[in-house]
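Enquirer: Before I ask anything, let me first share the structure, which is written out below as structure tokens.
FYI, it's all coordinate maths here, none of it is from the lab. Computed from a predicted structure; not experimentally measured. Every residue, glycine as well, gets a Cβ built from its backbone with ideal geometry; the counts of neighbours run over all protein chains shown.
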Protein chains: 2
Amino acid sequence: MSKMKGLKCKECGKTYPAAALHVCEFCFGPLEVSYNYDYIKTKITKEKILQGPKSLWRYQDLLPIEGEPTVGLNAGFTPMIHAKNLGAELGLDYLYLKNDTVNCLTLSFKDRVVAVALTRAKELGFDTVACASTGNLANSVSAHAAEARLRCFVFIPADLEAGKVLGNLIYRPNVVAVNGNYDDVNRLCSEIAGEYSWAFVNINIRPYYSEGSKTLAYEAMEQLGWRTPDHVVVPIASGSLLTKISKGFNEFADLGFVSPVKTQIHGAQAEGCSPVAAAFKEKRDFIKPVKPKTIAKSLAIGNPADGFYAVKVVLASGGVIEHVTDEEVVEGMTLLARTEGVFAETAGGVTIGVLKKLAKKGLFRKGESVVAYITGNGLKTQEAVAPALGVPWNIQPSLANFQEALKAASADTSNKERGVQ
Amino acid sequence: MSKMKGLKCKECGKTYPAAALHVCEFCFGPLEVSYNYDYIKTKITKEKILQGPKSLWRYQDLLPIEGEPTVGLNAGFTPMIHAKNLGAELGLDYLYLKNDTVNCLTLSFKDRVVAVALTRAKELGFDTVACASTGNLANSVSAHAAEARLRCFVFIPADLEAGKVLGNLIYRPNVVAVNGNYDDVNRLCSEIAGEYSWAFVNINIRPYYSEGSKTLAYEAMEQLGWRTPDHVVVPIASGSLLTKISKGFNEFADLGFVSPVKTQIHGAQAEGCSPVAAAFKEKRDFIKPVKPKTIAKSLAIGNPADGFYAVKVVLASGGVIEHVTDEEVVEGMTLLARTEGVFAETAGGVTIGVLKKLAKKGLFRKGESVVAYITGNGLKTQEAVAPALGVPWNIQPSLANFQEALKAASADTSNKERGVQ
């Protein structure tokens, strides 16, 4: 008996072996891992989880690998912050931030999916890993491929943020900058995946890879004291993250670890790339691809693979999908930093921007808990926020000079929030 | 009874209350926290530590706060990596990396000292916190002051790396860029500390602040299975970190948590700012201040406050202090990244550069364990390493274009390490 039965088409239900496959050859639907939950139930307990490693591998029994984890042993189990300051500004008593800005190795939630994908890729015998990426995924694949001594190719849009480009090169993978947007990169990678026997983590390994995101739900429930939150706000790029968080909640409920799930799942997009939010608002059951134009580059997927499923999940949960402007993204980033000391990348600004919008609309009732997923670190997207931050005071190294500057700053009412006086 | 007796001069032994004091008014020696270890022994156990929070606060009984922690609740307890790839390159079977590049909130070991300092500053009734910083400390003070809703002033050299400047501004503190080096900044801050009733974390709060570094020793021992390593390699800026790591080892031994300490403590500096390494090599018992000139800006303290004590600790342990050139710093950063997937800042490059030098010299014997302290994240010092990393391949989004690029890259022998072929 094994925890994985194999793969199964999400549309027609046809089954496949647990190999490097991702599309149903009959109906072209996406394949998902099919688990043997009866077997898993005999293995997993809360106590075992509590005694497990301080990483996402404490949930190993629910992750699609056959043996022991071999890559990304420190990924996941990031802090959950009770955000009292931000909560006070938004009128929320029970606001929590899931802080993946300090994920290991590369400061984004992608370390979760990559830990699972590369462990599985090694089990399947691959010696080369690759990905199409908006940045964070490439950083994580590059780092973990270095750790795992795998050959590595990462494909990124050529206009990516400097920190994300350097955050690949440092690990010495083969970095391919493609003149085009993410959707062009993704199309190219699908072609390349057909030609070479490489493990493209988000193409032919995608059924395993995407399951890593479930751990963002498991950890939230465990860290809230084995409870599901009343609301979550999740950024949407491909849509996969959101659907897997929902799946994680339901799995824990099915195992009896938490009460039946009533969590309202809300999606967040940037206005300049909001095909999923648009489908939700227009009550369409299909996604109209768009050409992305937003500073939230990590979410800039114009033709999101799981957008359709994300809409379904949000609707079923009673949630909404909202979008914010680039200005609101920057405002969200600074709001989060100045209230909670968390420096998130643009995607975090999208999440906080939408959170604020939903709070203003009165969507959250008194006493309800809200978890906002902060999925990446702001040091990777410095150019997006730098123009809004001004510059330091500049002084000579003398007390008199400092006191002059202090006096000038005190007189400047724009400094009030910093409490200069 | 309380765990803190008060403060005590490291030189003449005169005692003081546990207030915001840092210099002995009789002999001008530095003050240290004096603990009531007999009392602590009745409180602390390994079991209690194991059941404690997944942060440095699991060692609360050995940290200089009176009540419960209130700031930086997620700081510390970072991963310890068994670095098998890097170890293989250096001939070390038991090389471990203490990975503070993912420390919470701000990706450096400074989150440890700031969590302790700000909790203590609040206990002492301060409403304003400040620091003199080479960058990481300012980032951490800014973030934690935001979290703690304290007014904040951070003082930095004006030529700091862009990521470290932005990594202050985002939290909306008062950032003061001083035209001068760190030693100028530090002198100025000592003057300012005399004029204003602010908690300067590394000046008048320094006795409490510096104790936070002990947790890097506690965690190493716990993560190695309650053992002290045979060797540690520690970067030296002010020298405080190194002395406190030593203190942490000895405290655990005195408590009976580990065997008597035989750890050889080695110090690492950059050639362009190596006053402590110079004193060690020249067998001097005093530090000759230098004007720093190195890319390792976070270690660029020309007149290190605890340099003298660092030399004493290293000598007593049978260790050495070594320095590396800026080229070796960059080589250390890329070596670490391509073997272990860890992207460290320049200080990490110094540590790995020195580690490599010591390994080549045959300092580590077969079977011995070595812990290298990786104290900050490479996304903060991108300009130091960017020129050495080249650029991505740049292609049009077509399979033919990719295959051409792949062919060209395969023919280029400089790509061999990436295994393009």
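Enquirer: What's the longest bit of chain A with no exposed GluC sites (Glu not before Pro), using DSSP loop states and at most 15 other Cβ atoms within 10 Å as the test?
Expert: Here the longest segment lacking exposed loop sites spans A:67-281.
Enquirer: Still on this model: Which Cys residues of chain A have no other Cys beta carbon under 4.7 Å away?
Expert: Lone cysteines by the Cβ rule: A:C104, A:C131, A:C152, A:C189, A:C273.
Enquirer: Please give the Cα centre distance for the range A:133-187 versus the range A:1-73, rounded to the nearest Å.
Expert: Computed from Cα coordinates, the inter-centre distance equals 26 Å.
Enquirer: Counting other Cβ atoms within 10 Å, which chymotrypsin sites (Phe, Trp or Tyr not before Pro) in the range B:277-328 have at most 16 and lie in a DSSP loop?
Expert: Here the sparse-neighbourhood loop sites are B:F286.
Enquirer: Quote the relative contact order of the range A:320-421 in percent (integer), defining contacts as alpha-carbon pairs under 8 Å separated by 6+ residues.
Expert: 22
Enquirer: Using the structure shown, select from B:K5/B:K214; B:K3/B:K122; B:K164/B:K356; A:K54/B:K122; A:K312/A:K360 the pairs with a Cα to Cα distance greater than 20 angstrom.
Expert: Flagged as over cut-off: B:K164/B:K356; A:K54/B:K122; A:K312/A:K360.
Enquirer: When the Kirkwood radius is taken over all Cα pairs of the protein assembly as shown, what Stokes-Einstein diffusion coefficient follows at 20 °C and 1.002 mPa s, in µm²/s?
Expert: Calculated translational D: 79 µm²/s.
Enquirer: What value, in deg cm²/dmol to 500, does the helix sum -39500 (n - 2.57) over DSSP H runs of n ≥ 4 give at 222 nm once divided by the residues of chain A?
Expert: Roughly -11000 deg cm²/dmol at 222 nm, from the helical runs in chain A.
Enquirer: Right, here's the next one. Enumerate by residue number the trypsin sites (Lys or Arg not before Pro) in the range B:320-421 meeting two conditions: DSSP loop (anything except H, G, I, E, B), and at most 15 other Cβ atoms within 10 Å of the site's Cβ.
Expert: The qualifying sites are B:K361, B:R365, B:K366.
Enquirer: Next question. Count, for each residue of B:159-169, the Cβ atoms from other chains sitting within 10 Å of its Cβ, then give me the mean as a whole number.
Expert: Per residue, the average neighbour count from other chains is 4.
Enquirer: In Å, what Rg and Dmax follow from the Cα atoms of the range A:108-175?
Expert: 11.0, 34
Enquirer: Could you pull the copy-to-copy label distances for A:G13, with points set 7 Å along Cα to Cβ, in nm to one decimal and sorted shortest first?
Expert: The answer, with the shortest distance listed first, is 8.4 nm.
Enquirer: Still on this structure, please answer the following. Find the eigenvalues of the gyration tensor of the Cα atoms of the range A:189-278, then list the square roots of 5 times those eigenvalues as equivalent ellipsoid semi-axes, largest first, in whole angstrom.
Expert: Ellipsoid semi-axes (Å, largest first): 29, 19, 8.
Enquirer: Taking the Cβ of A:C27 as the center, what net charge do the other residues with Cβ under 11 Å away carry, scoring Lys and Arg +1 and Asp and Glu -1?
Expert: Surrounding charge for A:C27 is 0.
Enquirer: Averaged across the residues of A:384-396, what count of C-beta atoms belonging to other chains lies within 10 Å of each residue's C-beta?
Expert: Neighbouring Cβ atoms belonging to other protein chains average 5 per residue here.
Enquirer: Can you give the Kirkwood hydrodynamic radius for chain B, in Å, rounded to one decimal and based on Cα pairs?
Expert: Every distinct Cα pair counted, the radius reaches 22.0 Å.
Enquirer: Of B:A386, B:L336, B:F364, which is farthest on the positive side of the dipole of the range B:304-390, counting Cα position, with +1 on Lys and Arg Cβ, -1 on Asp and Glu Cβ, and the Cα centre as origin?
Expert: Farthest along the dipole direction, towards plus: B:F364.
Enquirer: About the Cα centre, and with charges only on the beta carbon of Lys, Arg (+1) and Asp, Glu (-1), how big is the dipole of the protein assembly as shown? Nearest 20 debye, please.
Expert: 1240
Enquirer: Just flag the chymotrypsin sites (Phe, Trp or Tyr not before Pro) in the range B:125-232 sitting in loop per DSSP whose Cβ has no more than 15 other Cβ atoms within 10 Å.
Expert: Of the chymotrypsin sites (Phe, Trp or Tyr not before Pro), the ones in loops of the range B:125-232 whose Cβ has at most 15 other Cβ atoms within 10 Å are B:Y196, B:W226.
Enquirer: Less than 16 Å apart at the alpha-carbon level, and either on another chain or at least 8 residues along: which aspartates and glutamates does that give for B:K43?
Expert: B:D61, B:E66, B:E68, B:E251, B:D254
Enquirer: Extent of the range A:1-41 along each principal axis, from alpha carbon coordinates, in Å, largest to smallest?
Expert: Sorted from largest, the Cα extents of the range A:1-41 read 31, 18, 10 Å.
Enquirer: Further question: Among A:C9, A:Y37, A:L21, flag the residue with its Cα farthest along the positive direction of the charge dipole of the range A:1-41, charges on Cβ as +1 for Lys/Arg and -1 for Asp/Glu.
Expert: It is A:Y37.
Enquirer: Rounded to the nearest 0.05, what FRET efficiency do B:T325 and B:K43 give with R0 = 45 Å and r taken as the Cβ-Cβ distance? Could you check?
Expert: Calculated transfer efficiency: 0.40.
Enquirer: About the Cα centre of the range B:1-41, what is the dipole size in debye to 20, counting +1 per Lys and Arg Cβ and -1 per Asp and Glu Cβ, all else neutral?
Expert: 140
Enquirer: Next question, about the same structure. Any aspartates and glutamates with Cα under 16 Å of the B:K84 Cα? List them, leaving off those in the same chain fewer than 8 positions away.
Expert: The qualifying aspartates and glutamates are A:E147, B:D93, B:E340, B:E368.
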